[in-house]
Amino acid sequence: MNRIKSKYLLLPLLLLTVLLNGAEIDYNALPVKAVLFPIREATLSTLIDGMIAKCQFRAGQRFRKDDVLFTIDERRYRNELNRMESQIREAALGVKFAKQKLEDNERLFKSDLQSELEVQKSRFDYEVALERQESAKVSRDYAALLLQFCVVKAPFNGTVEKLLTKEFEMVRSGQPVISIIDDNQLLAVLNLPTASLPKVKIGLPVTINITENGKTVTGDVYEIAPRADHRSETFEIKVRIDNPSYEFKAGMSGILVKLGE
């Protein structure tokens with residue numbers, strides 16, 4: 001009887017030794033769940049006030065980088081740019097007039113027909129006209145920038161997750177308009193037993209069976225949590241999975257099959 005008890009007491013120690021030595025773990029007997037997330041996601045906001053003129057994509061539709069996602073009614077900003085362009089032309093005429101007046105007064109001063117004070121005043125007027133012209137150019141550039149903000153383009157290839165506003169609604173600067181995800185690659189998030197830590201490296205192949213469609217996919221370790229959870233004795237890893245045909249979706253789950261080749 002004592003010999004049988006001793007035999008069973010040794011089993012946990014033998015199992016621990018196997019795990020610490022990095023031997024193959026049967027993840028089917030000890031299932032490790034994986035959940036899929038997009039590799040990138042973003043909520044895009046408008047940088048200006050205005051009315052949503054057009055949303056080019058609906059939820060679930062795919063887009064390419066630099067595709068126009070939505071536009072703001074540009075009429076107000078187009079008019080402001082035109083007004084700034086007019087001010088630049090007006091300022092240029094002011095510079096031309098002030099320069100001509102300065103040259104005339106300098107010529108008269110050399111002939112003792114104009115006072116030095118008038119020459120200095122003309123030079124001051126010319127410098128002020130130049131500053132006004134530069135200020136008008138800065139205002140024009142700012143108006144052009146605001147006009148560019150009327151068009152919001154995709155920062156990466158991906159899928160529209162959700163529209164947060166509707167066409168013809170008014171939005172304020174900084175207000176979220178559209179949520180997008182990059183699902184060309186996915187991140188499978190898993191919590192592994194800390195006994196697996198010695199063999200887990202960045203780039204290590206990881207095989208996962210996806211529950212929803214029964215398909216098996218292999219990715220590579222993309223991130224390793226710097227800290228383990230002492231309560232569950234696990235640590236988190238993120239596995240990068242290529243998804244060129246979009247057969248996997250963010251939110252799907254799976255079971256770890258194998259670590260390594």
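Table for the structure above
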item: Single unsatisfied condition, V152 versus (1) part of a strand (DSSP E or B); (2) in contact with a Gly (Cβ under 8 Å, 6 or more places away or on another chain); result: (2)
item: Members of the stretch 192-203 that are outside any strand (DSSP E or B), touching a residue at least 60 places away in the same chain (Cβ under 8 Å) and surrounded by fewer than 18 Cβ atoms within 10 Å (Cβ to Cβ); result: P198, K199
item: The stretch 79-108 residues that are of a type in the set (S, T, N, Q), paired with ones that are outside any helix (DSSP H, G or I) and modelled with pLDDT of 95 or more (beta carbon under 8 Å, 6 or more apart); result: none
item: Index of the failed condition, T194 passing every other in (1) modelled with pLDDT of 95 or more; (2) out of contact with any Leu (no Cβ under 7 Å at 6 or more places or on another chain); result: (1)
item: Check on V138, surrounded by fewer than 16 Cβ atoms within 10 Å (Cβ to Cβ), modelled with pLDDT of 95 or more and not aromatic (F, W, Y); result: yes
item: Any hit, the stretch 175-185, residues being more than 17 Å from the chain's Cα centre (by Cα), surrounded by 19 or more Cβ atoms within 10 Å (Cβ to Cβ) and either in contact (Cβ under 8 Å) with a residue 40 or more places away in the chain or assigned to a helix (DSSP H, G or I) (or both); result: no
item: Filter pass, K96 being part of a helix (DSSP H, G or I) and either surrounded by fewer than 18 Cβ atoms within 10 Å (Cβ to Cβ) or of a type outside the set (D, E, K, R) (or both); result: yes
item: Conditions (1) in contact with a Gly (Cβ under 6 Å, 6 or more places away or on another chain); (2) of a type outside the set (A, V, I, L, M, F, W, C); (3) in a helix (DSSP H, G or I); number of the one not met by S135; result: (1)
item: Selection from the stretch 204-251 of residues that are surrounded by 18 or more Cβ atoms within 10 Å (Cβ to Cβ), among the hydrophobic types (A, V, I, L, M, F, W, C) and under 23 Å from the mean Cα position of the chain (by Cα); result: V221, I237, V239, I241, F248, A250
item: Test: residue in the stretch 237-247 that is among the aliphatic types (A, V, I, L, M), closer than 17 Å to V35 by Cβ and not in a strand (DSSP E or B); result: no
item: Output for the stretch 34-61, where each listed residue is under 11 Å from I180 (Cβ atoms), loosely packed, with under 14 Cβ neighbours inside 10 Å and not aliphatic (A, V, I, L, M); result: T43, Q61
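The values are calculated or read from the model by the stated rules, or taken from the named source; none is laboratory data. If you're wondering where the values come from, they're calculated on a predicted model, not measured in any experiment. Using ideal geometry, Cβ is built from the backbone for each residue, glycine included, and neighbour counts are taken over all protein chains shown.
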